[in-house]
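S.K.: What follows is a single structure, and I will ask about it in a moment.
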């Protein structure tokens, strides 16, 4: 148990590093999007007089080409950085578990690093849609495809409506200069955590004899989603159960747990830091923190009453897949808590 506490603490700290790494990666990739915005504005300015007459189709093709070229550069640069990150992540796994296990740990084949990046999958629930398993490239495809359609739509509508040239540029800047980079930053953060999880999964598989279970670990702060808060602390067999990232900007992770017979006796001396689930953590927080946490969810006020007055933990507010339960489902499952909450 003490070794497990050490591992949870180590990987909680690692997740903080991964978020910083993702932020640094974004800063390196940001100029790509500045260039896309500049190129599109340049094409619009050059074709302003002509486009009012007969060159709209040509302009739209130019805009699509600019966005596609930006996408190719974004994908290439991100893939390169994530491949380097895989090597660092596996080395971290090796160093961490070498302190805990009696058996020497092995690294996955170094030639598979690029394959780990390409195969990393995020099981995302997007809006009201069902879960979608997206690779990093598929997230990028969705980002740039949607942006291309939106930008071309803005230009076409503006030209047909004879929108003032300055106003047209302003609308395009809103799409390309603000919205696109914001979404791209989310893709970078989600892709980084996805690849980190995939690297750890490859390490776990390479040492299959040592590991039998994994603990789901969420970040303890007000930004944590209800899904991750409810799953925090759950134990799953290796390669079974929900695997983060479960949503865009997900910061959760799964920590492989060595079988007891492979844990060093001295590992008890490594025990430090976190020793509580998100549910336990939440109950210790001030009212303002709890208001902020529940306030961002659907039916947040009712969920907060069910937790504070009905005595439910956050893990009782989600179903086995991690999806938020409806109020009716909660009422059916926990009638006593529902009554205590006076709902």
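The values are calculated or read from the model by the stated rules, or taken from the named source; none is laboratory data. Fair warning: this is a prediction, and the values are worked out from it, not measured in the lab. FYI the Cβ positions are ideal-geometry reconstructions off the backbone, even for glycines, and counts take in every protein chain you see.
S.K.: Here is a list: 276, 316, 280. Which entry is at pLDDT below 80, part of a helix (DSSP H, G or I) and within 30 Å of residue 191 (Cα to Cα)? Full working, then the answer.
M.R.: Numbers: 276 fails: part of a helix (DSSP H, G or I); 316 fails: at pLDDT below 80.
Going through 276, 316, 280 in turn, the sole match is 280.
S.K.: I'd like the residue in the range 1-19 that is surrounded by fewer than 16 Cβ atoms within 10 Å (Cβ to Cβ) and closer than 14 Å to residue 93 by Cβ and, out of all such residues, is modelled with the lowest pLDDT.
M.R.: Here the residue is 13.
S.K.: Now a separate question. Quick one: which helices (runs of 4 or more DSSP H) lie wholly within the range 92-188 and hold at least 3 residues that are under 21 Å from residue 24 (Cα atoms) and assigned by TED's automatic domain parsing to the domain that holds residue 39? Can you show your working first?
M.R.: On the way: elements: 113-119, 136-160, 165-173.
Correct list: 113-119, 136-160.
S.K.: Something else: Just for the range 201-213: of the residues that are in contact with a helix residue (DSSP H, G or I) (Cβ under 6 Å, 6 or more places away or on another chain) and in a helix (DSSP H, G or I), which one is nearest to residue 259 (Cα to Cα)?
M.R.: Our first condition is that a residue be in contact with a helix residue (DSSP H, G or I) (Cβ under 6 Å, 6 or more places away or on another chain); within the range 201-213, this holds for 202-203, 210-211.
Pick out the ones that are also in a helix (DSSP H, G or I) and you get 202-203.
Details: 202: 18, 203: 15 Å.
Among them, the one singled out is 203.
S.K.: Got at least one residue in the range 227-234 being surrounded by fewer than 23 Cβ atoms within 10 Å (Cβ to Cβ) and farther than 30 Å from residue 42 by Cα?
M.R.: The first filter runs over the range 227-234 and keeps only residues surrounded by fewer than 23 Cβ atoms within 10 Å (Cβ to Cβ), leaving 233-234.
Next, from what is left, pick out any that are farther than 30 Å from residue 42 by Cα: 233-234.
Yes: the range 227-234 contains one or more residues that are surrounded by fewer than 23 Cβ atoms within 10 Å (Cβ to Cβ) and farther than 30 Å from residue 42 by Cα.
S.K.: Looking only at the range 171-209, count every residue that is at pLDDT 85 or above and exposed (fewer than 14 other Cβ atoms within 10 Å of the Cβ) and tell me the total.
M.R.: The total comes to 4.
S.K.: Something else: What's the number of the condition residue 91 fails, among (1) modelled with pLDDT under 85; (2) surrounded by fewer than 16 Cβ atoms within 10 Å (Cβ to Cβ)?
M.R.: (1)
S.K.: Please count how many residues of the range 183-239 are on the phi > 0 side of the Ramachandran plot and touching a residue at least 40 places away in the same chain (Cβ under 8 Å). Walk me through it before giving the result.
M.R.: Looking only at the range 183-239, we keep the residues that are on the phi > 0 side of the Ramachandran plot, and these are 233, 239.
Of the ones still in play, those that are also touching a residue at least 40 places away in the same chain (Cβ under 8 Å) are 233.
Number of matching residues: 1.
S.K.: Further, regarding this structure: Search the range 258-273 for residues being in a loop (DSSP other than H, G, I, E, B) and at pLDDT 75 or above, and hand back the single one that is farthest from the chain's Cα centre (by Cα). Before you say what the answer is, go through the steps one by one.
M.R.: Taking the range 258-273 first, the residues in a loop (DSSP other than H, G, I, E, B) are 259, 264, 271-273.
Subsequent filtering for residues that are at pLDDT 75 or above retains 259, 264.
Numbers: 259: 29, 264: 33 Å.
Looking at the filtered set, the residue picked out is 264.
S.K.: I need the full set of residues from the range 293-306 which are surrounded by 14 or more Cβ atoms within 10 Å (Cβ to Cβ) and within 21 Å of the chain's Cα centre (by Cα), in order please.
M.R.: 293, 294, 297
S.K.: Right, here's the next one. So for the range 242-257 (the condition being farther than 30 Å from residue 119 by Cβ, modelled with pLDDT of 85 or more and not in a loop (DSSP other than H, G, I, E, B)), does at least one residue qualify?
M.R.: First, pick out the residues of the range 242-257 that are farther than 30 Å from residue 119 by Cβ: none.
No: zero hits.
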